[in-house]
Amino acid sequence: MDYLYLFFMILKMGFLVAWIYALLRVLDLKAWWQKLLGLLACFGVIQLLFSLQFGEFQIFSAFDQGLVYQAVTMAMIALGLNLIYGFNGQFSLAQWGFYGVGAYCSADITWRWMNGDARGLIVVGVGVILTGVLYFIVARLLARKRGVPVLSAFTFYVLATVAAGFVAVMAGKWLAPAFTGLLGTVAAPGLLNGTLGRYAVFTISVLFAGAFAAEMSFLVGLPILTLGSDYFGIATLGFSIVLQTLMINSDTILPFPEMKGGRGMIGVPKLINQDTWAFAFIFLVAIIAIMRNLIRSSTGRTVMAVREDEVASKAMGVDVAGTKLLAFVVGSLFAGVGGAIYAHWAGFLSPNTFSFLKGFDPLIIVVFGGLGSITGTLAASFGWIFFLEGFLRVLLGKLGTEAPTWRFVLYPITLLLVMLLRPQGLLGSVEWGFVKARRARRVPPTGSAPPTGGEPAATEPAKGGS
């Protein structure tokens, strides 16, 4: 029976890779209604497989469904890392830390909301919006000079963050009772904690979690992006360790007793399940579309130019530091969204989940799928999760060995094999459907088309000639 399960696990792995191919082809359709119908079909196929059951045999068991949710969140994280590392050339190990930031941020908002406390929503919302205004509007209005030392700009952003955080906390303290009372008065009975209210707050919390992770990455990336790629990787690794330490001590150092520090945060609303995984699907499609459109834009070409040669890019007038920061921020935003989705599927958050050692998962996926390949990252995300957490875990369990013990043996072996046998990754530069680069149609210059019949074109004598 175990071997039959392993066989079906391989089939499911292959099916999901084919599903990714179909999804990218659907997104490449021309008419909006064709895309809509295609997306509904892609969603419906997975939903149908989640529901189909023949006697005691379920095609996608609860365990398999959990693997799908994990693969979706991993795809979001890996796409962000691919933007940072694959397309921009910055070796970052902070992606898993921003994943944890998004998870805890979103979970705290919904946990407080479900317990009748609107402070989480107000504090995070006001903080994120005000910080964004200070970062991207006020800073520009201050007419920054060229050549200002990074420390000066960094000091301004730190002060802006502290000020925004203080205002947000005060707003939560003063406005939460009135806000909750107002909503309780104007809303229908049970609406706030009903299905509509829960998922409205959940959607807002996912967006705020992504924005919070992006703003944190902006503040962190500003001073360290001036480092070389290797030193940048070391700095981001240190940042991930600091974040995990804060999570472990969140009930003592940070004013968030509900996170319970190293014991883990319990009671997170489990809003992503078989009936509501459409939210995860929608956010995944949105991230794929944003990633593809960014890479195909002039900004995306600038991002890739910086990867190829920073000196040449700077000579051509490219803002190298700003381009690196943009890629780092957008990639971290994707990780924050993935963390928010994970938190509301798992229902429990532990700091051990966001250990920097597990942060090598998205790195291996990006390298295995192919640096700079959106398709490879998506296919490798689903394949890796089903292989590592599904196939390998069951196989090692049958052999009497714990999967986590072999995880750190498998990581270096996988990286070595990929680098030796296929350094360009699983798919290399191959892209499917929606993310495939379009070749420019060659249009001959006006009047340069050869005459029919293969005869040479007659030349008109110059006027005024003899």
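The values are calculated or read from the model by the stated rules, or taken from the named source; none is laboratory data. Source: prediction; values computed, not measured. As a convention, Cβ positions derive from the backbone with ideal geometry for all residues, glycine included, and neighbour counts pool all protein chains shown.
When the residues of region 224-238 are filtered to those that are at pLDDT 85 or above and over 16 Å from Tyr99 (Cα atoms), which remaining residue is surrounded by the most Cβ atoms within 10 Å (Cβ to Cβ)? Reasoning before the result, please.
At the first step, the residues of region 224-238 found to be at pLDDT 85 or above are 224, 231-238.
Going one step further and asking which of them are over 16 Å from Tyr99 (Cα atoms), we end up with 224, 231-235.
Numbers: Ile224: 19, Tyr231: 12, Phe232: 22, Gly233: 18, Ile234: 14, Ala235: 18.
Out of the qualifying residues, it is Phe232.
Looking across region 244-271, just one residue is charged (D, E, K, R), part of a helix (DSSP H, G or I) and out of contact with any helix residue (DSSP H, G or I) (no Cβ under 8 Å at 6 or more places or on another chain), and that is Arg263. Of all positions in region 185-201, none carries a residue that is among the β-branched types (Val, Ile, Thr), buried (at least 19 other Cβ atoms within 10 Å of the Cβ) and either on the phi > 0 side of the Ramachandran plot or modelled with pLDDT of 90 or more (or both).
Restricting the first member to region 417-435 and to residues that are among the charged types (D, E, K, R), and the second to residues that are crowded, with 16+ Cβ neighbours inside 10 Å, the beta-carbon pairs closer than 6 Å and six or more apart or on different chains are Glu431/Thr375.
Inside region 113-137, residues that are farther than 22 Å from Val329 by Cβ, buried (at least 23 other Cβ atoms within 10 Å of the Cβ) and modelled with pLDDT of 80 or more make up a count of 1.
Here the condition is being more than 21 Å from Gln244 (Cα to Cα), surrounded by fewer than 24 Cβ atoms within 10 Å (Cβ to Cβ) and touching a residue at least 60 places away in the same chain (Cβ under 8 Å); of Gly383, Gly370, it holds for Gly383 alone.
Kindly indicate which of Gln90, Gln70 is outside any helix (DSSP H, G or I), under 23 Å from the mean Cα position of the chain (by Cα) and either of a type outside the set (Val, Ile, Thr) or at pLDDT below 90 (or both). Lay out the reasoning, then the answer.
Values: Gln70 fails: outside any helix (DSSP H, G or I).
After ruling out the rest, the residue left standing is Gln90.
For Val303, state whether it is part of a loop (DSSP other than H, G, I, E, B), in contact (Cβ under 8 Å) with a residue 12 or more places away in the chain and over 28 Å from Thr353 (Cα atoms). No: the conditions fail for Val303. Taken together, the criteria place Lys314 among residues that are among the charged types (D, E, K, R), farther than 25 Å from Phe256 by Cα and surrounded by fewer than 24 Cβ atoms within 10 Å (Cβ to Cβ).
Applying a threshold of 6 Å to beta carbon distances and a minimum spacing of six or more residues, or different chains, the list of pairs starting in region 21-42 at a residue that is in contact (Cβ under 8 Å) with a residue 24 or more places away in the chain and ending at one that is not in a helix (DSSP H, G or I) reads Tyr21/Trp432; Leu24/Trp432.
Per-residue answers, yes or no, for (1) farther than 27 Å from Gly372 by Cβ; (2) of a type in the set (Val, Ile, Thr):
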residue: Phe256; (1), (2): yes, no
residue: Gly262; (1), (2): yes, no
residue: Asn273; (1), (2): yes, no
residue: Ile295; (1), (2): no, yes
residue: Arg307; (1), (2): no, no
residue: Ala315; (1), (2): no, no
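Scanning region 9-49 for residues that are surrounded by fewer than 16 Cβ atoms within 10 Å (Cβ to Cβ) and at pLDDT below 85 returns a single hit, Ile10. The listed residues are Val220, Val285, and the only one of them that is surrounded by 16 or more Cβ atoms within 10 Å (Cβ to Cβ), at pLDDT 90 or above and part of a helix (DSSP H, G or I) turns out to be Val285. Specify the residue that is surrounded by the fewest Cβ atoms within 10 Å (Cβ to Cβ); the eligible residues are those in region 62-108 that are closer than 20 Å to Ala380 by Cα and of a type in the set (Phe, Trp, Tyr). Step by step, filter region 62-108, then rank; the result is Phe63.
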